[in-house]
Amino acid sequence: MTDERPRQQEALWQQMRAMEPPPGAADRVRDGVERRRERRGVRMVFVAVPIAAAAAILLLVVSGDKAEDPTGPRDLADVAAGEQIQIEMPDAKVEVSGPARVEVKADRLVLKKGTASVDGAATVVGPSCEAHVEGQSRVVVVETRMEVTVLAGAAYVTPSETVSCVVLRPESESESESESESESESESESESESESESESESESESESESDAPVTSEPKAPVTSEPKARVKSELSVQVDAYWAAQRLRRSDPVQALASLRQIVSKWPRAAIRHEVDLAIIDTLVQLGRADAATKAARSFLKRYPKSSRAGDVREIAGE
C-alpha cells in the first residue's frame with residue numbers, strides 16, 4: 001500500500017498557488033511594513049538626539065578647558081644666540097636679542113632670560129620684579145637678576161625694594177644737566193650784573209644832565225627771543241644708536257658702519273656698552289664669525305663684569 005501523503009501535499013500546494021490574495025491584502029502588508037519603518041526611525045531619532053547633545057556638551061567643556069585666558073601668554077619664543085625678533089606691543093616696539101626666552105602677553109612682556117630693547121611704553125616682567133619703561137631702555141635678565149639701562153626717558157621697577165632688580169642711568173646725563181643748569185645760572189647772574197651796571201650808568205648820566213633841557217627820544221621796543229634748546233650730547237648719541245638699531249632690519253651692513261661711527265666719534269660715551277653689544281650682534285647677524293669672536297673678546301676685556309658677559313662668552317668661544 002502506497003503512502004498517499006505526498007500526493008495530498010502536492011495537490012494542496014497547487015490549490016494554494018492558484019488562490020489569489022484577498023483585495024487590499026498587498027496594500028495592507030505594505031502599510032504595515034512602512035509603519036514599522038517609521039516607528040524604528042522615531043526610536044533612532046530619540047536615541048540619536050540625546051547622544052548628539054551629550055557629545056556637544058562634552059566638546060564645549062573640553063574646549064572651554066583648553067581655551068586661552070585673555071590675559072595669558074599669546075606666544076612663547078626661544079631666541080638663539082646672535083638672533084633677534086621684533087615684537088609689536090600696543091604702545092612700544094621691542095627687539096629681543098638671543099639667547100633669550102620670552103612670552104608675549106596682552107599688555108606686557110615676560111622676559112625669562114636674555115635682552116630686550118624697548119622703544120616706547122611697556123611693562124617687562126622679570127623673575128622677581130616688573131620694569132615699567134617709558135622711552136628707550138635696555139632690559140637684561142640673567143638668572144634671577146634684572147638690569148634696566150635707561151637710554152632716554154624714564155624707568156622704574158616694582159617692587160622697588162627688590163635687591164635683584166636695578167635701574168641704571170648714564171652718569172653723563174646727570175652731568176650734562178648739572179652743567180646746563182650751572183651755565184643757565186651763570187648767564188642769569190651776568191645778565192643781572194649787566195642790568196645793574198646799566199641802571200647805575202643811566203642814573204649818573206641823568207644827574208649830570210639835570211640842567212640841560214630834557215628831550216625824550218623814542219626807545220626801540222625790547223624783544224625777547226626764546227633761546228633755542230640745545231640738544232645734549234647724550235641725546236644725540238642715543239638717537240644715533242637707535243637709528244642704527246632700526247637700520248639693522250633692512251640694511252645690517254650700513255647699521256654696522258653707523259655703530260662703528262658712534263664708537264669712533266664718542267669713544268667714551270655713556271652708552272658705549274650698549275653700542276659694543278649691538279656691534280657683536282650685528283656681526284653675528286651678518287655671519288662674520290671671526291670678526292664677531294674678536295669683538296666679543298674685546299668686549300669681555302673692557303666689561304668683565306657685564307650682565308651680558310655669559311652670552312658674549314659663547315660667541316667668544318670661551
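The values are calculated or read from the model by the stated rules, or taken from the named source; none is laboratory data. These numbers were taken from a predicted model, which means no experiment stands behind them. All Cβ positions, even for glycine, are placed from backbone atoms using ideal geometry, and neighbour counts span all protein chains on display. The accessibility values were calculated without ligands, DNA or RNA, using every heavy atom of the protein model including side chains. Shrake-Rupley method; radii C 1.70, N 1.55, O 1.52, S 1.80 Å.
Within the stretch 81-105, the set of residues being open to solvent by 20 Å² or more (accessible area, probe 1.4 Å), under 22 Å from residue 250 (Cβ atoms) and in a loop (DSSP other than H, G, I, E, B) comprises just one member, 83.
Here's the yes/no breakdown for (1) under 17 Å from residue 116 (Cα atoms); (2) open to solvent by 20 Å² or more (accessible area, probe 1.4 Å); (3) at pLDDT 95 or above:
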{"residue": "248", "(1), (2), (3)": "yes, no, no"}
{"residue": "252", "(1), (2), (3)": "no, yes, no"}
{"residue": "267", "(1), (2), (3)": "no, yes, no"}
{"residue": "278", "(1), (2), (3)": "yes, no, no"}
{"residue": "289", "(1), (2), (3)": "no, yes, no"}
{"residue": "310", "(1), (2), (3)": "yes, yes, no"}
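For the stretch 146-162, check the following and say yes or no: at least one residue is among the hydroxyl-bearing types (Ser, Thr, Tyr), surrounded by 16 or more Cβ atoms within 10 Å (Cβ to Cβ) and over 17 Å from residue 306 (Cβ atoms). Looking through the stretch 146-162, at least one residue is among the hydroxyl-bearing types (Ser, Thr, Tyr), surrounded by 16 or more Cβ atoms within 10 Å (Cβ to Cβ) and over 17 Å from residue 306 (Cβ atoms).
Output the residue which, of all residues in the stretch 291-308 that are basic (Lys, Arg), open to solvent by 30 Å² or more (accessible area, probe 1.4 Å) and in contact with a helix residue (DSSP H, G or I) (Cβ under 8 Å, 6 or more places away or on another chain), is farthest from residue 99 (Cα to Cα).
302
Scanning the stretch 106-122 for residues that are open to solvent by 30 Å² or more (accessible area, probe 1.4 Å) and in a strand (DSSP E or B) yields a count of 4.
Just one of (1) without any contact (Cβ under 8 Å) to a residue 12 or more places away in the chain; (2) not charged (D, E, K, R); (3) not in a helix (DSSP H, G or I) fails for residue 257. It is (3).
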